[in-house]
Amino acid sequence: MRVIAIINQKGGVGKTTTAVNVAAALARDGQHVLLVDLDPQAHASIHFGIEIGAEEISAYDVLTRDMALADAARRVTERFVLVPSHIDLVGAELELAERPQRETVLARKLAAYQDGFDVCLIDCAPSLGLLTVNALAAAEEIIIPLQPHFLALQGLGRLLQTVTLVRQALNPRLRVSGVVLCMHERGTKLAQEVQDDVARFLARAAPGDAWFGARVFATTIRRNIKLAECPSFGQTVFDYAPSSHGAEDYAALAREILALAAPAASPQDTSADLSTSAAVPAADAAPA
Ligand code: ADP
Ligand code: MG
């Protein structure tokens, strides 16, 4: 099972929209998909019309109690299963703070719940806290949604520093698959500049870096009102507006993701040294 974390500590960049619609597109393509909603705001769950009460089992119980992912999982369609979130998840970071192996709770629970799934997507909260670290410890791939405005690259250095630390300490297989530009205004100078900046930054990666080989996905997600409307109907864009640009773009992105071979761990990956993280802040300084 490929495990892909959708992360960016900024809110409103398109993480949830990407997680939900890529998950739906992959399931439509015949993949068996698991989506774990790891954001206390539970936007991905709400997107499917699943709003659960505190008494029901959610990702919160999986992380903080003796509950399995299977206990929380809900089948949305034949090939698509959701592990919903609940606002209680806010408290998980504090509750876990004193526990041993608190960073790898999700990784261990996921290892026990692989059966039958081809892909697992994790929709992360807009932070680099313990919840996101749990996602990074469980994943082997990272996709970073980015909104191409002039501060787009700000924060990317910090994000990659966190990725590097998790890779060194917990999960040597972890690597960045790519950056996807969301709410993209094709044809504008600014969007093109941001795209070029990101591509240039990624191309400078050294073989030991977690983002070595990462790409800016050729598919960009255009700004499309249908994508913003569909959550309030509890539908993915494929059900809500199947012939929209939003559906077209997410179907294309899912095909691109599917075409990437699952990354194999290579011995040099484990030896990322401190010079790696020293190089990271350069991203923050990059003109955007
Ligand atoms: P995040 O999960 O990173 O906070 P969301 O996916 O929730 O971001 O997106 C933030 C807001 O922008 C939501 O209201 C969402 O519906 C909207 N949105 C996301 N992608 C697009 C897009 N391509 N076109 C128009 N609206 C979008
Ligand atoms: Mg979100």
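The values are calculated or read from the model by the stated rules, or taken from the named source; none is laboratory data. What you see is a predicted model; the values in this text were computed from it and never measured. Note that each Cβ is placed from the backbone with ideal geometry, even for glycine, and that neighbours are counted across all protein chains shown.
Could you please let me know if ALA107 is assigned to a helix (DSSP H, G or I) and either surrounded by 17 or more Cβ atoms within 10 Å (Cβ to Cβ) or in contact with a Leu (Cβ under 8 Å, 6 or more places away or on another chain) (or both)? I'd like the intermediate steps shown before the answer.
Working: assigned to a helix (DSSP H, G or I): yes; either surrounded by 17 or more Cβ atoms within 10 Å (Cβ to Cβ) or in contact with a Leu (Cβ under 8 Å, 6 or more places away or on another chain) (or both): yes.
Taking the combined requirement at face value, the residue satisfies it.
Quick check, is PRO126 part of a loop (DSSP other than H, G, I, E, B) and touching a Gly at 6+ places or on another chain (Cβ under 9 Å)?
So PRO126 fits the description; yes.
Of the residues in the range 230-256, how many are assigned to a helix (DSSP H, G or I), away from ligand 2 (no atom under 16 Å from the Cβ) and surrounded by fewer than 22 Cβ atoms within 10 Å (Cβ to Cβ)?
Total satisfying the criteria: 10.
Would you tally the residues in the range 162-199 being among the charged types (D, E, K, R) and not in a helix (DSSP H, G or I)? Write out each step before concluding.
To start, the set of residues in the range 162-199 that are among the charged types (D, E, K, R) comprises 167, 173, 175, 185-186, 189, 193, 196-197.
Subset that is not in a helix (DSSP H, G or I): 173, 175, 185-186.
Summing the residues that are among the charged types (D, E, K, R) and not in a helix (DSSP H, G or I) in the range 162-199 gives 4.
Among the numbered criteria (1) buried (at least 22 other Cβ atoms within 10 Å of the Cβ); (2) under 24 Å from SER58 (Cβ atoms); (3) modelled with pLDDT under 95, which single criterion is violated by ASP123?
Every condition holds for ASP123 apart from (3).
What residue, among those in the range 200-229 that are among the aromatic types (Phe, Trp, Tyr) and assigned to a loop (DSSP other than H, G, I, E, B), is nearest to LEU82 (Cα to Cα)?
PHE217
Within the set of pairs 6+ apart or on separate chains, which have a first residue in the range 9-38 that is more than 21 Å from ASP115 (Cβ to Cβ) and free of Cβ contacts under 8 Å to residues at least 24 places away in the same chain, a second that is aromatic (Phe, Trp, Tyr) and more than 9 Å from ligand 2 (Cβ to nearest atom), and C-beta atoms under 8 Å apart?
none
Anything in the range 129-153 that is aliphatic (A, V, I, L, M), assigned to a helix (DSSP H, G or I) and within 16 Å of ligand 2 (Cβ to nearest atom)? List them, or say none.
Within the range 129-153, LEU131, ALA135 meet the criteria.
Checking the conditions here, which among HIS43, HIS32, HIS47 is more than 11 Å from ligand 2 (Cβ to nearest atom) and out of contact with any strand residue (DSSP E or B) (no Cβ under 6 Å at 6 or more places or on another chain)?
Checking each option against the conditions leaves just HIS32.
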